[in-house]
Amino acid sequence: MTLALETIGLDKRFGGLHVTCDLALKVEAGARHALIGPNGAGKTTVINLLTGVLTPDAGRILLEGRDITALPVNRRVRAGLARTFQINQLYPELTPLETIGLAVSERLGHGADWWRRRGTRAEVNDEIARHLEHFRLTDVCDERTVTLPYGKQRLLEIAVAIACGPRVLLLDEPAAGVPESERHDILAAVASLPRDVTVLLIEHDMDLVFSFADRISVLVNGALLVEDTPERIARDPQVRAVYLGEAQDA
Ligand SMILES: Nc1ncnc2c1ncn2[C@@H]1O[C@H](COP(=O)(O)OP(=O)(O)O)[C@@H](O)[C@H]1O
Ligand SMILES: [Mg+2]
């Protein structure tokens, strides 16, 4: 088993609150891995520790076997770890074509040259077209991002992350706030990415989780309750107790 991402004894406290407890997370290369758990379980904190937004109190993070625990955010991105960022805060006036073009061009080291050479660089243009197509953005590729429906904006955020060429993609509730009819499109686009990209997804909607994941880790109170296949997770009495308990509280 080749691991794309691994945490060893990862630990984080916010004052008296123990939010990540001796976490040993293993994400296999090529996996569609979901991290689930009740609200406040510490899922977003795990993503923040993985990306370097937060510093752990103890433990290590390995990306494809390489220890990245001490690397700052931007160097982790360069090492192949990507998360989405809010595209709408960055390029509201650009179109999806321009936004993805910038990301591809940046990755290939062409920088701002892309603007001048557009149309002459078949390789760049082909890749942009592929991302637009994969994320169902072709029909809106010339519209300003700020005018796009929210679901399309979320797709664009993921497309940009992919255009940066990551080995591992981290997604924290990418379909949150999107109308239900469009949520499956978002997750389907992510699930069908080439398998050389490993995906770790946090998602609240269990239908989406089970349609997406081939592996699931369940986090409760910052600790890993269980990690298994979706079939076995669905039958696991401990997991059912956690979720039924949550449903009864609601
Ligand atoms: N920066 C912070 N400072 C203090 N407490 C925090 C901070 N971020 C998160 N928490 C707390 O840590 C716990 C886990 O939060 P979070 O990782 O956002 O959970 P989840 O994403 O699973 O809902 C919660 O109790 C939350 O209130
Ligand atoms: Mg969260």
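The values are calculated or read from the model by the stated rules, or taken from the named source; none is laboratory data. Here the structure is a predicted model, which means the values were calculated and not measured. Positions of Cβ are backbone-derived with ideal geometry, glycine not excepted, and every protein chain shown enters the neighbour counts.
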Residue hits (the range 144-165; surrounded by 21 or more Cβ atoms within 10 Å (Cβ to Cβ) and either hydrophobic (A, V, I, L, M, F, W, C) or in the same structural domain as F210 (by TED's automatic domain parsing) (or both)) are L155, L156, I158, A159, V160, A161, I162, A163
Of the conditions (1) within 16 Å of ligand 2 (Cβ to nearest atom); (2) in a helix (DSSP H, G or I), the single one that K152 does not satisfy is (1)
Across the range 53-72, the tally of residues that are surrounded by fewer than 16 Cβ atoms within 10 Å (Cβ to Cβ), more than 15 Å from ligand 2 (Cβ to nearest atom) and either not assigned by TED's automatic domain parsing to the domain that holds L225 or not in a strand (DSSP E or B) (or both) stands at 5
- Got at least one residue in the range 223-231 being surrounded by fewer than 16 Cβ atoms within 10 Å (Cβ to Cβ), within 16 Å of ligand 2 (Cβ to nearest atom) and part of a helix (DSSP H, G or I)? no
The lone condition K12 fails out of (1) within 21 Å of P174 (Cβ to Cβ); (2) surrounded by 22 or more Cβ atoms within 10 Å (Cβ to Cβ); (3) within 16 Å of ligand 1 (Cβ to nearest atom); (4) of a type outside the set (G, A, S) is (1)
Taking the range 13-36 and keeping residues more than 19 Å from V190 (Cβ to Cβ), part of a strand (DSSP E or B) and either in contact with a His (Cβ under 8 Å, 6 or more places away or on another chain) or more than 16 Å from ligand 2 (Cβ to nearest atom) (or both) leaves R13, H18, C21, D22, K26
Over the range 37-52, the set of residues more than 13 Å from the chain's Cα centre (by Cα) and either in contact (Cβ under 8 Å) with a residue 60 or more places away in the chain or within 16 Å of ligand 2 (Cβ to nearest atom) (or both) is G37, P38, N39, G40, A41, G42, T45, L49
Restricting attention to the range 37-52, the residues that are out of contact with any helix residue (DSSP H, G or I) (no Cβ under 8 Å at 6 or more places or on another chain), assigned to a loop (DSSP other than H, G, I, E, B) and either crowded, with 21+ Cβ neighbours inside 10 Å or not assigned by TED's automatic domain parsing to the domain that holds V199 (or both) number exactly 2
Just a yes or no: is a residue in the range 83-105 among the basic types (K, R), surrounded by fewer than 16 Cβ atoms within 10 Å (Cβ to Cβ) and more than 13 Å from ligand 1 (Cβ to nearest atom)?
-> no
How many residues of the range 169-217 are within 16 Å of ligand 1 (Cβ to nearest atom), within 11 Å of the chain's Cα centre (by Cα) and part of a strand (DSSP E or B)? The answer is 6
Verdict on V220 being touching a helix residue (DSSP H, G or I) at 6+ places or on another chain (Cβ under 7 Å), closer than 23 Å to D22 by Cα and among the aliphatic types (A, V, I, L, M):
yes
Out of (1) under 21 Å from A31 (Cα atoms); (2) surrounded by 16 or more Cβ atoms within 10 Å (Cβ to Cβ), the one V242 does not meet is (1)
**Q.** Boolean, T44 is more than 13 Å from ligand 1 (Cβ to nearest atom), polar (S, T, N, Q) and modelled with pLDDT of 95 or more
**A.** no
Across (1) touching a Gly at 6+ places or on another chain (Cβ under 9 Å); (2) closer than 15 Å to L97 by Cα; (3) among the hydroxyl-bearing types (S, T, Y), S217 clears everything bar (2)
